[in-house]
1. Step by step: first the residues of the range 279-295, then only those that are without any contact (Cβ under 8 Å) to a residue 40 or more places away in the chain and in a loop (DSSP other than H, G, I, E, B), then the one that is farthest from Y205 (Cα to Cα). Which residue is that?
2. Does S129 satisfy the condition of being surrounded by fewer than 19 Cβ atoms within 10 Å (Cβ to Cβ), assigned to a loop (DSSP other than H, G, I, E, B) and out of contact with any strand residue (DSSP E or B) (no Cβ under 6 Å at 6 or more places or on another chain)?
3. Just one of (1) touching a strand residue (DSSP E or B) at 6+ places or on another chain (Cβ under 6 Å); (2) surrounded by fewer than 15 Cβ atoms within 10 Å (Cβ to Cβ) trips up A266, so point out which.
4. Residue check: is H134 closer than 24 Å to K297 by Cβ and in contact (Cβ under 8 Å) with a residue 40 or more places away in the chain?
5. With F237, F203, F247 as the choices, which residue is aromatic (F, W, Y), open to solvent by 10 Å² or more (accessible area, probe 1.4 Å) and either under 23 Å from G60 (Cα atoms) or at pLDDT 90 or above (or both)?
6. Go through (1) at pLDDT below 95; (2) within 22 Å of P158 (Cβ to Cβ) one by one and return the number of the condition G19 breaks.
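The values are calculated or read from the model by the stated rules, or taken from the named source; none is laboratory data. A quick note: this is a predicted structure, and the numbers were derived from the prediction, not measured. Heads up, the Cβs are rebuilt from the backbone with ideal geometry, glycines too, and the neighbour counts pull from every protein chain shown. With ligands, DNA and RNA removed, areas are computed over all heavy atoms of the protein, side chains included. Shrake-Rupley method; radii C 1.70, N 1.55, O 1.52, S 1.80 Å.
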Amino acid sequence: MKKNYLLILIGLSLVVMVGCQNNSSQKDSNKLQVVATTTMLTDLVKNIGGDKVQVNGLMGPGIDPHLYQASAKDVTKMQTADVVVHNGLHLEGKMGDVFEALNKRGKNVIKIENGLDKTKLLKSEDNSSQPDPHIWFDVSMWQQGAKEVAKGLIKADPKNQATYQTNLDRYLAELVELDQYMMNKVQELPKEKRILVTAHDAFRYFGQRYDFEVVGLQGISTQAEAGTGDMRKLADFIVKHQIKAVFVESSVPTKTIEALQAATKAKGFDVKIGGELYSDSLGDEKHDTATYIKTLKANTDTIVNALK
C-alpha cells in the first residue's frame, strides 16, 4: 500500500513537471522564434527584438563564419524558426545552399546585405567580384543593418511593429554614440601611426571609416593561406614604417602573426603583439565584450593604446 502511494506521488510529480515544461514552452511560443548566424547578428536581433523575440545564435564567440558548416541540427533550427537572419556578402560562405533552400521554402529570411548602401561596399583585393563582408566594423553601415533587421521583424510580426521601431530608434542612438567614441579615440594617434596589421583582412571598413591604413596577412576570407612571400613583404613593410605592434584575432589561429613577428625580428626590428582583436565574432562575458558595442570599443582601445 505504502509502495503504491509512493508510485502515485511520483506519477503526479512527473505530470506537474511536464505541465510546467509545456507552460514554459507555450510562453516561449508566444515570442517570434529567430535564428541568427553570427554573434554580431544575434546581439543585433536581441537589441531590436527585445522581449518580443527568442533568439537562437548558431555561432558562439571565437567561431569563424568563413569556415562554419551548418550541422543537421542547425538546419533543423533554421527550418523550424519563424525568421532566419544572416549577413550575406558570402560571409557564411559554406551555408549558401542552406539559405537558398530556405528562400525556396518561403521562409522569412533577413539578409543584412539587402539593406546596405552598395556604393559603400569594398571589394576584395584578391577577388574584385567578391565584396568584403566585414561591414560591422563601420558603425554607420551597422546602422543600416539594424534598420534591415527591424524591417524584417516587422514584416514577420506586424502586431509588434511599435516595439520594434522604438527599440530600433534607441539602438540607433547608441550606435551614433559608439561611432563618435571611436572617432574621438583614434584622434589620439597621429596620422602616420594609424597602420593596422592583423592576421586577415577583416578591418578594411574600420580603416575606411576611422582613417587607418589596414594590412592583413591573409585575404578577406580565412580560407586563404599566407605564403612566405607575403610574410617577407609584410615584415619589410613593418620595418620600413617602424610599426610598434601587430594584432592577433580571436577567431584566427595566432601562428601566422607569431611567424610574422619572428620574420620581422630576423630583420633586426622587434614588433610586439599589441593584443587580441575580435574580428569575425564578438567577445564574451568573461572579458566584458559580449555585445557589439563593447566589442568595438574594446577593439578600438586595444589598437590605439598599442600603437601609441
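1. Among those residues, the one meeting the criterion is D288.
2. Details: surrounded by fewer than 19 Cβ atoms within 10 Å (Cβ to Cβ): yes; assigned to a loop (DSSP other than H, G, I, E, B): yes; out of contact with any strand residue (DSSP E or B) (no Cβ under 6 Å at 6 or more places or on another chain): yes.
In short, yes.
3. Every listed condition holds for A266 apart from (1).
4. On the way: closer than 24 Å to K297 by Cβ: yes; in contact (Cβ under 8 Å) with a residue 40 or more places away in the chain: yes.
In short, yes.
5. F237
6. Result: G19 passes all but (2).
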